[in-house]
């Protein structure tokens with residue numbers, strides 16, 4: 001693969017802090033210098049950055065192995081400065097299982113979109129979860145197939161117009177969206193099931209905390225974590241990046257409530273309260 | 001326990017041989033007639049400190065194989081015909097990412113659900129169409145339980161050497177058969193060569209770059225280069241790794257070509273034919289891919305005709321014809337659906353072939 | 001004084017940073033085109049930047065580096 005590596009327009013010297021200041025935000029080490037191949041305003045990039053920050057902060061870069069799916073993040077092996085595997089469509093959780101079982105000391109994540117994780121890869125997703133496979137799954141839910149150009153996803157909303165639901169998703173013939181977190185939370189296997197969003201700085205901070213927790217659970221052997229990230233797809237929703245985040249808040253968050261659906265590390269009451277509150 | 005001779009079932013021997021070849025990961029799914037293999041692994045693998053997992057599907061199992069292979073483990077999966085069809089997606093990705101793994105197919109009758117009796121109907125699939133895209137697997141075909149015991153180590157070694165998945169193509173007869181077998185000595189794991197390409201983490205000792213397991217390349221020229229490089233390896237495999245066994249071939253005029261369990265029957269058929277004065281011989285391909293064309297070539301000068309005997313409707317006969325390339329008649333005899341050809345049938349087919357060839361020769365003269 | 005640097009090689013001009021800046025000192029520079037053809041984000045008034053890093057938090061392309069004036073302890077994860 002030859003995803004173009006960015007030639008930063010800023011020199012290293014320019015990015016150094018002056019004597020009277022400190023750097024409070026910069027690219028995490030776990031990201032390569034490659035440009036994300038995502039469209040302008042696509043929140044995939046935010047999530048990739050949060051994952052890289054979590055890996056940096058937990059000091060696990062040297063033993064983390066990522067698995068990327070088929071979808072808009074198909075070339076994300078170029079974005080993380082880690083050993084990476086590219087998986088067949090839907091199979092990232094199975095590939096991650098294989099890596100983890102072969103080398104349990106590795107920290108393994110599967111990064112998957114909604115079509116990958118909740119449609120073609122539903123079986124692999126559910127069974128990795130119910131096995132309590134000690135991996136971290138980051139699930140991007142933007143209610144549409146991005147890479148193929150905007151077709152209906154398993155998480156497309158009722159009435160949502162897509163290329164393959166041109167009159168809106170008719171639940172009579174096309175069924176209902178899958179709420180993955182709610183479904184997986186019924187299983188005994190998972191340690192952490194949480195839905196977050198990256199539509200605002202506040203939610204982004206919460207998403208970061210959730211992702212970091214998921215990785216730390218894996219480090220501690222607590223078990224399977226899935227963090228569903230409600231994301232935007234400005235291009236295929238036909239909206240500007242800013243309007244897309246508005247649409248996400250108005251349409252997706254009511255259908256996909258944020259919260260912790262299962263947390264083996266929390267007191268039972270706490271997990272329940274968080275889910276009902278958010 | 002050197003030279004121990006034990007009575008074991010073919011399927012179990014495949015599993016035990018894998019454990020003795022440094023296989024540390026096994027991912028499978030139940031299907032008749034190979035299930036004993038998975039059950040044996042389930043019992044033994046945890047005691048060896050390896051990973052055994054019954055996957056949710058054949059599709060998941062082969063993708064777990066992909067992950068473990070990428071991580072550098074010696075990994076195996078096994079199935080039977082319909083299950084192998086499900087695995088073909090993952091096998092294509094293994095080929096595309098140049099990952100070694102051993103895949104066992106204990107063939108049964110098809111197409112579709114077919115039956116659970118022995119068959120060789122997956123020859124085309126194994127040698128031609130195991131997944132989309134340009135690519136091959138090395139395909140090894142055992143004929144005895146002893147050969148199953150010895151072949152698994154070869155399969156792992158070939159896979160590592162050429163960075164390719166390797167299939168052991170057995171059938172329900174061999175899988176279920178019990179024979180006395182001398183198990184191979186357990187391999188010294190330190191003798192397995194390092195895999196510097198494996199996903200062991202960028203912080204692994206001695207690492208300066210990061211490793212990526214990947215079959216995707218969106219730049220046409222780059223993808224072509226990768227394919228060219230892989231096919232250069234295939235040429236090396238064809239040159240160095242053809243394997244075949246011959247029987248009574250030196251003066252053979254009528255050459256039977258048969259593989260696997262079918263070759264054992266064909267051997268008896270050849271003996272019967274010899275008893276009635278037909279100069280018959282046998283070539284038993286051990287590597288189905290690469291097909292042992294040099295063995296066919298060596299038999300050609302004395303051969304008046306070839307007879308491919310298979311438990312299918314005529315699949316390997318294509319490769320015999322390609323190897324013979326019009327220089328001698330090539331005929332086929334086979335049974336399907338789990339019906340096993342008998343030595344008498346093979347001898348009759350040889351007699352018929354002799355008659356046809358002789359009649360044609362007389363006509364020409 | 002706090003400040004940010006937008007790296008034009010990463011910026012795709014999506015404008016999300018502009019919407020979250022509490023001081024209204026971010027804009028898309030209509031006079032400039034990046035090598036990829038986007039109008040990049042820029043800081044319009046450095047004197048008003050507090051180094052809060054909200055722009056960097058929401059930037060999907062990790063194009064922004066944030067510097068904060070040293071006044072003793074500086075929190076890494078700026079609010």
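Structural remarks
- The gain in end-to-end length when the residue A:17 to residue A:249 segment is fully stretched comes to 79.9 nm, 0.36 nm per residue minus the alpha carbon separation.
- Share antiparallel - DSSP beta bridges, the protein assembly as shown, percent rounded to 5: 35
- Rg/Rh ratio calculated on Cα atoms of region A:71-113 (Kirkwood radius): 0.94
- In whole percents, the pair-distance distribution calculated for chain B from its alpha-carbon pairs, binned every 20 Å from zero, is 30, 55, 15, 1.
- In chain C, the alpha-carbon atoms span a convex hull of 81 Å³ per residue.
- Size of chain A as Cα extents on the principal axes (Å, biggest first): 62, 41, 38
- Each listed q (0.20, 0.22, 0.25 Å⁻¹) maps to a log10 I(q)/I(0) for region B:144-234, found by the Debye formula over equal Cα scatterers with no solvent: -1.10, -1.18, -1.30.
- Result for chain C in a Gaussian network model with C-alpha springs under 10 Å: among C:41, C:63, C:53, the largest mean-square fluctuation is at C:63.
- Whole-angstrom gap from region B:318-365 to region B:32-49, using each part's C-alpha centre: 41
- Counting every alpha-carbon pair across region B:27-81, the share separated by more than 16 Å comes to 39%.
- If R0 is 60 Å, the Cβ-Cβ spacing of residue B:208 and residue B:363 corresponds to a FRET efficiency of close to 0.25.
- The alpha carbons of region B:244-364 give a radius of gyration and a Dmax of 12.9, 40 Å, in that order.
- Residues residue A:58 and residue A:174, FRET efficiency given R0 of 41 Å [Cβ-Cβ distance, rounded to 0.05]: 0.50
- For region A:13-134: relative contact order, % (alpha-carbon pairs under 8 angstrom, 6 or more apart): 22
- Distance from region A:135-211 to region B:159-179 (C-alpha centre basis), Å: 42
- Across region B:80-175, the volume of the C-alpha convex hull divided among the residues equals 73 Å³ per residue.
- Taken residue by residue and averaged, Cβ atoms of other chains lying within 10 Å of the Cβ of A:28-35 number 2.
- Over region A:44-277, Cα pairs under 8 Å with separation of 6+ residues give a relative contact order of 18 percent.
- Percentage of interatomic Cα-Cα distances in region B:1-129 larger than 20 Å: 43
- Estimated inter-spin distance, residue B:225 and residue C:45, nm [label 7 Å along Cα→Cβ]: 5.3
- DSSP beta bridge pairing in region B:244-364, given as percent antiparallel to the nearest 5: 25
- Put a dot 7 Å past the Cα of residue B:188, heading toward its Cβ, do the same for residue B:246, and the two dots end up 3.6 nm apart.
- Relative contact order (%) - region A:60-198, alpha-carbon pairs under 8 angstrom, separation at least six: 19
- Within the protein assembly as shown, helix-based [θ] at 222 nm, where runs of 4 or more DSSP H residues each add -39,500 (n - 2.57), nearest 500: -10000 deg cm²/dmol
- The DSSP beta bridges internal to chain A are antiparallel in roughly 25% of cases.
- log10 of Debye I(q)/I(0), alpha-carbon scatterers only, for the protein assembly as shown at 0.06, 0.09, 0.10 Å⁻¹: -0.44, -0.83, -0.96
Each reported figure results from applying straightforward, stated rules to the coordinates on display, with no laboratory input. Bear in mind the structure is a predicted one, so any value in this text is a computation, not a measurement. Neighbour counts are summed over all protein chains in view; Cβ atoms, including those assigned to glycine, are modelled from backbone coordinates with ideal geometry.
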